[in-house]
Every structure is written in structure tokens, then in C-alpha cells.
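Undergrad: Would you mind keeping the following structure in view while I ask a few things?
The values are calculated or read from the model by the stated rules, or taken from the named source; none is laboratory data. Because the structure is a prediction, the values reported are computed rather than measured. Because the Cβ atoms are built from the backbone with ideal geometry, glycine has one as well, and the counts that use them run over all protein chains shown.
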Amino acid sequence: MSNNSPEGVRNSAPEPDPRVVRSTSALGRALIELIQERNLDRITVQNILDRAGVGRTTFYAHYRNKEDVLHSSFEHLFAAFEVWLDRGSQLGARLFPVEEFLSHVGDEQRLAESLRASGQLNQFWGLCGAHAARCIERRLHDAPAGSPVPRQLLARMLSGALMESISWWREHPGAASPAQVDSAFHELARGVSRKMLAGGGISET
């Protein structure tokens, strides 16, 4: 996890320094570009600095190594998920932007192959699953007293089902569109959440 991880940051936190945002964004973009060209284990910090036009002192003020930059890039992707959800959908309120996520994954095959070759792909999917669980939990209605399962447990269960659905989609190219997977997941999620939360469901907020 990067030294400047947004985990735990609250709305009352001061606005980030624009110079820091520019530098860290440039480093993240540079690493993602380089990963399209070669495997992660062949990329050095100096390669990233040269591509980003950022100095070594600035780099180490925010990151320990190239893996930190990569994880920070994942965090920015996860933040984009929240924006996609806020845009709305024909499916109504959703727990996770499945269609947009699958479309993004489908466009980044070279990145996925580089992460796999560098032993980072499983960690990426693990981070995705953890983020999806948090995202889902925030959008489930509060469980009434006497509900069969806690909301947090249901969120983890639905996240597991989502990640299995994504794995199936990746293993069966063309079998279903991202929109179809999105619809199927949310049909399942609505039915399960209503039953297991004893009348609860998906929050509109």
C-alpha cells in the first residue's frame, strides 16, 4: 500500500497539494504506460522517473518502490468505480459498476498479462474483491433487527459471487456481454439481499 493511501481520509481532510497530485498522477500514468510495453519485473524506478519527468526525491517522498505506485494506481481505479455508480444505470440502483469494470478489464489485456507475469495479478484481484465488498456493503440497506445475516457478511458473500462471475466472463470470451453480466449479478443480489436481510435491499444512495 502506498504511503499516501487515501484509506481513512475524511471529508474534513485538507485538499491535496496540486503539485503532489500532478506528480503522483504522472508517476502512475508512466508506470501503466510502461507495463503496456514490458513486464513489471523489467521496469525500474528510474524508467518510471524518466517517463514521468519526476525527480527521485519527489518519488520517494510518496512511494517506497514501484509496487507502491502500482497499488496507488489501483486505488485511483477503485475511486473511479464510485463515480461510475453515481452516474446511474438502466438497472437502477446498483451495488457495483459491473458493466464498466468488465469493459475496462477487456480493454487492458496487455496490463493483465504483465501483472500475471510479474506475480501481481492475484493480488490485484484480491484488492478488487475487498473493494467490491466495501462498495456493496455501503449500498445495502441496514439490516433490520433479527436479520439472518449481518450486512457485512452478506456484502462479502455477494463480492465473492461477483468475483466468480468476473472469472467466468474472462474464461468464456463472448459468452455474455458486460451489460448481461451486470444485469445477472444485480438480479441475483436483489433477490438474495431481500431474503437474507429480512426485507432489506439495495440502497438508492
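Undergrad: Residues in the range 86-95: is at least one closer than 23 Å to Phe185 by Cα and part of a helix (DSSP H, G or I)?
TA: yes
Undergrad: Another one. List the pairs whose first member sits in the range 171-184 and is without any contact (Cβ under 8 Å) to a residue 24 or more places away in the chain, whose second member is surrounded by 13 or more Cβ atoms within 10 Å (Cβ to Cβ) and part of a helix (DSSP H, G or I), and whose Cβ atoms are under 8 Å apart, counting only residues at least 6 apart or on separate chains?
TA: Ala175/Trp169; Ala176/Trp169; Ala176/Ala184; Ala184/Ser165
Undergrad: To continue, here is another question. Residue by residue through the range 96-113, note down the ones that are in a helix (DSSP H, G or I) and over 21 Å from Arg134 (Cβ atoms).
TA: Ser103, Gly106, Gln109, Arg110, Leu111, Ala112, Glu113
Undergrad: Then there's this: Taking the conditions exactly as written (in contact with a strand residue (DSSP E or B) (Cβ under 8 Å, 6 or more places away or on another chain), in a helix (DSSP H, G or I) and modelled with pLDDT under 90), does Ser193 satisfy them or not?
TA: Here the answer is yes, as Ser193 does meet what is asked.
Undergrad: If you scan the range 105-116, which residues turn out to be over 11 Å from the mean Cα position of the chain (by Cα), crowded, with 16+ Cβ neighbours inside 10 Å and touching a residue at least 12 places away in the same chain (Cβ under 8 Å)?
TA: Leu111, Ser114, Leu115
Undergrad: Considering only the range 54-96, state which residues are free of Cβ contacts under 8 Å to residues at least 40 places away in the same chain and within 11 Å of the chain's Cα centre (by Cα).
TA: Leu77, Ala80 - these are the residues of the range 54-96 that are free of Cβ contacts under 8 Å to residues at least 40 places away in the same chain and within 11 Å of the chain's Cα centre (by Cα).
Undergrad: Residues to consider are Ala80, Ala133; find the one that is of a type outside the set (S, T, N, Q), surrounded by fewer than 15 Cβ atoms within 10 Å (Cβ to Cβ) and in a helix (DSSP H, G or I).
TA: Ala80
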